[in-house]
Amino acid sequence: MEVLLILVAVLAALIILALLRVLVTRRPGLPYRKRDHLLTAAERSFYGVLRRVVEGRYQVAWKVRMADVLWIPGGTADHQRHLNRILAKHLDFVLCHPESSAPILAIELDDSSHREGRRRERDSFVDDALSAAELPLLRVPVRRSYSPQELADVIRQQVG
């Protein structure tokens, strides 16, 4: 009988400890967590070269929502539908005028996922939307490294 009471007490203590551990480690409030990095390794690599190439001429913004770059005139038919199509999409990089912050050139890094059907549809829409807004788009294939001179030349061709 005494052994049974001891076992019940030990079991009760273990359950209480387990519940306390859950309560202590559980984070109260909202479920959000900070990401380790805002840019992927490929994006960080490209960004470092891009910054050096455009230093002083443009500001570089990254992960810019298309809805922050494009606008839809009032009175446009299906205004909300058009807005919804750009709200959740972002551009990898946007070169901006250093004083006015006006967008000058959008840049997308294209990795192997850009060959998939749904991604190709998304890319086609982005191409068309930026073209309609008269914002040039530079698509750059992801590489292990980037030549600053090649990148400078290609940006100069796009921007003039």
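At-a-glance table
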| item | result |
| --- | --- |
| Neighbour-count order for 82, 97, fewest beta carbons within 10 angstrom listed first | 97, 82 |
| Residue with peak Gaussian network fluctuation, the chain [Cα springs, cutoff 10 Å], from 67, 13, 133 | 13 |
| Filtered chymotrypsin sites (Phe, Trp or Tyr not before Pro), region 66-125: DSSP coil and at most 14 other beta carbons within 10 Å | 71 |
| Likely footprinting exposure, 155, 72, 16, 86, fewest C-beta neighbours within 10 Å first | 16, 72, 86, 155 |
| Which labelled figure in (i) 115; (ii) 171; (iii) 239 is volume of the Cα convex hull per residue in Å³, once derived from the coordinates | (iii) |
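All of the numbers you see were taken from the coordinates with simple rules; none came from a lab. All figures in this text were calculated on a predicted structure; none of them were measured in a lab. Because the Cβ atoms are built from the backbone with ideal geometry, glycine has one as well, and the counts that use them run over all protein chains shown.
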